[in-house]
Structures are given as structure tokens and as C-alpha cells.
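Rule-based calculations on the coordinates, nothing more; no lab input. Quick caveat, the model's predicted, so the values are computed rather than measured. Reconstructed Cβ throughout: ideal geometry from the backbone, glycine too, with neighbour counts over all protein chains shown.
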Amino acid sequence: MTQSSTTHTNKSSAAKTYGTAETVQAPVYSRAERKARNATRRSRLGMVIYLVLLLLPIYWLINMSFKTNTEILSGLSFFPEHFTLDNYAKIFGDPTWYMGYINSTLYVVMNMVISLLVALPAAYAFSRYRFVGDKHMFFWLLSNRMAPPAVFLLPFFQLYSSVGLFDTHIAVALAHCLFNVPLAVWILEGFMSGVPREIDETAYIDGYTFPKFFVRIFIPLIRSGIGVTAFFCFMFSWVELLLARTLTSVEAKPIAAIMTRTVSASGMDWGLLAAAGVLTIIPGMLVIYFVRNHVAKGFALGRV
Amino acid sequence: MQTKVENNKAWFLVLPVFIIVAFSAIIPLMTVVNYSVQDIFDQNTSYFVGAEWFKQVMLDSRLHDALIRQFLFSFTILLIEIPLGIGVALMMPTKGKSASLCLILVAIPLLIPWNVVGTIWQIFGREDIGLFGAFMGAIGVDYNYASDPVDAWSTVVLMDVWHWTPLVALLCYSGLRAIPEVYYQAARIDQASRWAVFRYIQLPKLTNVLIIGVLLRFMDSFMIYTEPFVLTGGGPGSSTTFLSQALVQQAIGQFDLGPAAAFSLVYFLIILLVCWVFYTTIMNMQKDK
């Protein structure tokens, strides 16, 4: 407290001595500065409050995952009294539980790879060329992003059953392409439009063929864009449940669907549910940690 | 704006996308269209009924209610999330370690599977084991999301605001980062007030990201299914049954394929129409500038 107030006076006195040199401008400058400092302090406080409110429900879940069921039901407490890892042990000791995580990860990664592979050339085409029906095609793609998964539930089930893909990871990955591919094209197109066309032309003059140019020069240029796209594909595929649950039964069942098992005749197993929930948050946090430096840029979808 | 080169060979680059999206969009959509004009008894017996199901769907009062509820919900969350998101973005630190820490923390709710979001709030809102429910009880509010429609409704809204405001905030944050420092310096020289800086510098620069934000939030809130399903199961009664849920109930629950398919098409067309209106007005607004 005292320390901060001394730095405060130091700074304002510094502004004052500076002010004697330029008599007219100085007091205005220092007032504006003080105002700005107050504003920063206020916004910092606001941010802390927002973050606390944001993280409280998640903290509550984590807190619960370390409690036993009797403790959960016996009353509220901010810290587990009888700290236990039983809930986690149950998940890691049972293949029907932990296979859910593996299944989810598998189809999410597959979806990410497929989406990126097909979206990269298409986004290049949209950002560089005019062709018959390009605008309609773009809107049509986006319209798929708008399609409610509930609409496609039944047809998807029948389609994938009839081609023998039901209950495989690739089925879920392909189904998620419905909304991830349009999104990937959209984001990548934004990033690619930010790369000057002169680069393409120079490369062609230098004798690069299109594939060579694309892989050697262009892709490294939009690296961060690809990272961000991958992040978004991961995110939307990881959080989706409706399609993933409908298209799988045993072999490729995602963790989100397995979680419903905690409801049993003897009531809810809250601790186990909480632990499973906490474990679904971790992969997302890892991914966002890796792209944290690009994510601000990426959320602008390269379009600002 | 650079002019693009006219080249129809670019279609070859778009082809993979077209094939993969067509496989998972056009074929299922055609199936839906096919169902919507037939009365299906079992796999081999079905009759062509024309527009019968569409008539039935259009006149179904349950669906009207769900549609009204849906619009009300979407507009409520947009009204809360957009200003709140801008506010949070303005408060976020701009430099250093605290900036990336804030980014990560703010983004967390976005990466939680939707049913887990439902689960979190299911637990958090319960009076016996949840902090929020207990808090409401402690300050004397009779709160129970499982039996009171108003409580259920506000909990769903609160959950969505909790879940999706970060998206708006992050979009705006990235938009704010794209404003060059010179603008702020100019404003400081003019002694512009905080509000003036926001109104004439920051807000215009945020238009683009806000468009994306509004569009994304509108679309996604219009298809909301998992979170309310886990939290309230559409109840009490049908007070939180939104369109997707009404559709799934009809298609899977009652297995009324024909009416469900007709409903799907109407539903999809509404979203498409609203988004198209959004999209074109926005594009025109941008052209006028």
C-alpha cells in the first residue's frame, strides 16, 4: 500500500518537474495521465471480478471432484475436507471410461486434419481467384455452418449406417466436417487475403509450380492462421455432443456420452461426474496454451 | 482492394471441399426432403402425402411456442452478451504476462464440452450441493431451476452468457489490438474523453468483429440443444424447450419421421433466411461506408 503510494507521488512529481519546463501543456498532460491511471486501476478491478465470476463454477466442479459423495451431499465447503482421488482412480482404472477420452481425441484429430487439408486449397482459391459461382459457393458453405445438427441427426444416422461407417471414428470426424470445413475456409480465406498477391506472382516468375509454391512458400507465411484454424476445429469438434453421440454406440463412443452413465438407480454419482467433467476441460486448456500468442489475431479471423 | 484474377480452374481447388461438405450436407438434406413428403409406416410402406406435413407443422401451436421462445432467447442473450463482451474486451490488459493469462482464462468456458457446461450449471445451481443455488437461498430468493419456469429460463440465459460472452470478448479484444497506437495519441492530444475515444475510435474499428460475433452468436443460440437439455431437459413443462429440442423430441422420441422432416426444413429455412438478411444488410452497410 505505502509502496504504491510513494511511486504514485514520485511519478506525479516527475510530471510536475517536467511541467515547469513546458508551462502550458504540463498540467493538462498530468491530469490526463492520472485519469488514465485511475481508469487502468478500475478496469483491472473489473477484470478480476469478471474472472472470479467466470471461474467460480469451474472451481466448484474441480472442488467437487476431490470430494466423496457423502461429503458432497452433507453440505457446502470451499475445500474438500477429506481429499480423495477415488473419483479419478475410478476413471483411469476402467477402460470403458478412459477409452471415451481416447475416442474423442481420435475423431477430433481426424477432423482437424481433414478440415485443414481440404480447406487450404479452397481458401486459396476463394482469396485469389474469381470463378463461376464463387460467391454462391461461399454462402452455401457458410449456410452449412448455420445448419442445426438436430436437423441432420436422423439422415446422418441412416447415411453412415448404410455405408457401414456407423460407430467408427471417421464417421464422427466426417460429420463434424459439416460445420468445421466451412469455418476453416472462412478463417483461412481471411488470413490468405492478408498476404500480398505479389508474392504469388514473384514465385511463379521464379519458376515455382503451384504445389511447390503452396507448400514451400505460402503455407509458412500463414502459419499462425493455420494454427488458429486448427484451434477452432479442435474446439468445435471437441465440444459437440449431439452428432457424436448419435453416430456411435460402443467402439467410438465419446467421453461426453459416457458421462451420462453416472446417473444410476441409486442416484447421481456427483463426484465421478465432476471428475469426468474436469478431465474434459484439460485438453482444451492445453490447446489454448499452445496457440495463446496467435489467438488474439485469430479471433479477428484475419479480417480486421 | 486488389482485383481478383478470373480463373475457372480454381474450381479444382474448391472441389475437395465441395465433395466433403456435399456428402455430409446435400445427401442428408435430400433424405429430409424425401421424408417430409411421405407418410412412413415402416421401411417398405410409405405413401406420398405432398405438403400435408408442412401444413401440420405450420399450424402446430407447440412449434409456434418453441419458435417464439427461441427468438426471445436469442435476442436476450445477444442483448446481454454483446455489450458485456465489449466491456470485458476493453478491460483486458494489453501487454505482458497478464494479457496472455487473461486470454487463456477467459477462453476456458469455450473449450468445455457443451454437456459438461450443462452439468456444471446443473451442479452449481442446485440448492443442496451448488454454490449459486445456495447463495440464492441465503439471500432469500426462492430459487429452484427444476420447478420454477422463470428460474429455469434465467438459469439457461445465465449459463449461455457465462458460456459465450468470452467468444464476443475475445473477438472484440482482437479487434481492439488491431487499432494503431497513433489513433489513441491523436485522441490524447485532442483531450478526447474516454467515451469519445470509445465511440469514435474503438467502436467503428470493432464493427467487423462485432458483425462476426453477432452472426455467430445468433446462429449458435438458434441451434442450442445440449446445454438446456442437460440442465433442465426442456422443462419445467416446456418452458425451456427450444427449437432443436422440440425437433429431437419429435424425430427420436415419437419417431414421427414425416412431420419431423418437414419441421427440420422449416427450421433450417428460418435460420437461413435470418442469416441471409443479416449478411446482406451488413454487406450493404459496409459498402456504404
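List the aspartates and glutamates whose Cα lies under 14 Å from the Cα of A:Lys135, skipping any in the same chain that are fewer than 8 positions away. Straight-distance partners of A:Lys135: A:Glu189, B:Glu6.
With no solvent and one point per C-alpha, what does the Debye sum give as log10 I(q)/I(0) for the protein assembly as shown at q = 0.13 Å⁻¹? Results for the protein assembly as shown at q = 0.13 Å⁻¹ read -1.49. Peptide A:235-241 is shielded by partner chain Cβ atoms: per residue, an average of 5 of them sit within 10 Å of its Cβ. Taken over segment B:66-198, the alpha-carbon convex hull comes to 158 cubic angstrom per residue. Its convex hull of Cα atoms gives chain B a direction-averaged projected area, equal to a quarter of the hull surface, of 22.2 nm². The angle between the Cα long axis of helix B:149-177 and the longest principal axis of the Cα atoms of chain B comes to about 50 degrees, rounded to the nearest 10. Volume per residue for segment A:92-299 equals 152 cubic angstrom (convex hull of Cα atoms). Under a 5 Å amide H cut-off, with hydrogens placed 1.01 Å from N, A:Arg130 pairs with B:Val5, B:Glu6, B:Asn7 among residues at least 5 apart or on other chains.
Roughly how many Å is it from the Cα centre of segment B:164-198 to that of segment A:141-194, as a whole number? Measuring centre to centre over Cα atoms gives 36 Å. The mean number of partner chain beta-carbon atoms within 10 angstrom of a residue's beta-carbon across peptide A:41-53 is 4.
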